[in-house]
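Chemist: Sharing a structure, written as structure tokens. Questions coming.
The values are calculated or read from the model by the stated rules, or taken from the named source; none is laboratory data. Predicted model, so just to flag it, every value in this text is computed and none were measured. Only protein heavy atoms, including side chains, enter the accessible area calculation; ligands, DNA and RNA are left aside. Shrake-Rupley method; radii C 1.70, N 1.55, O 1.52, S 1.80 Å.
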Amino acid sequence: MKKFFSKLRSKFCEKTTAIAVKAATVIEDVKGDLATNTIGAIIVAVVIVGLLIVAINAFFPTFFSNMFSSMSDKLNANW
């Protein structure tokens, strides 16, 4: 019976060690971290720019229409 428990404990220790090693490798794996951070930063930047456009349009309703009409006037004046 002593051998059985000793063998059982040994197997249990091996399994828990293997699980701990796998968990450590998963946690330490940072492959693709740069790409993930870059994509996240791009998404955040797009959302911020969108919110700024909405805020500008809310406070100055004619801002974009005036800007685009003056741009078209200036571009058409050169043609």
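Chemist: How tilted is helix 63-77 with respect to the longest principal axis of the chain? Cα atoms for both, answer in degrees (0 to 90, nearest 10).
Modeler: In the chain, helix 63-77 runs at an angle near 60 degrees to the longest axis.
Chemist: Same structure again: Roughly to the nearest percent, how much of the accessible area of the chain is carbon and sulfur, given a 1.4 Å probe? Walk me through the intermediate numbers first.
Modeler: Numbers: 5470 of 7520 Å².
So the carbon and sulfur contribution to the accessible surface is 73 percent.
Chemist: Moving on. Based solely on its DSSP helices, what 222 nm [θ] is calculated for the chain when runs of n ≥ 4 H residues each add -39,500 (n - 2.57) and the sum is averaged over all residues, nearest 500 deg cm²/dmol?
Modeler: Theoretical 222 nm ellipticity from helices: -30500 deg cm²/dmol.
Chemist: Rolling a 1.4 angstrom probe over the protein heavy atoms, how many square angstrom per residue are accessible across the chain?
Modeler: On the way: 7520 Å² over 79 residues.
For the chain, the per-residue accessible area is 95 Å².
Chemist: Just to confirm the number: angle between the C-alpha axis of helix 2-28 and the first principal axis of the chain, 0 to 90 degrees, nearest 10?
Modeler: 20
Chemist: Turning to a different aspect of this structure: To make sure I understand the rule: partners must be lysines, Cα under 29 Å from the Cα of Lys15, and not fewer than 8 residues away in the same chain. Which ones qualify?
Modeler: Lys2, Lys3, Lys7, Lys31
Chemist: Specify the angular offset, from 0 to 90 degrees and rounded to the nearest 10, of the alpha carbon long axis of helix 33-59 from the longest principal axis of the alpha carbons in the chain.
Modeler: Tilt relative to the chain: about 30 degrees.
Chemist: Further, regarding this structure: Please report the accessible area of Thr38 (heavy atoms, 1.4 Å probe, ligands and nucleic acids excluded) in Å², nearest 10.
Modeler: Roughly 70 Å² of Thr38 is accessible to a 1.4 Å probe.
Chemist: Okay, moving on. Tell me, what is the 1.4 Å probe accessible area of Leu75, in Å² to the nearest 10?
Modeler: My reading of the accessible area for Leu75 is about 100 Å².
Chemist: With no solvent and one point on each alpha carbon, what is the Debye value of log10 I(q)/I(0) for the chain at q = 0.12, 0.15, 0.26 Å⁻¹?
Modeler: Treating every Cα as an identical point scatterer, log10 I(q)/I(0) equals -0.69, -0.81, -1.09.
Chemist: How much solvent-accessible surface does Met67 expose, in Å² to the nearest 10, with a 1.4 Å probe and all protein chains in place?
Modeler: Looks like 70 Å² after rounding.
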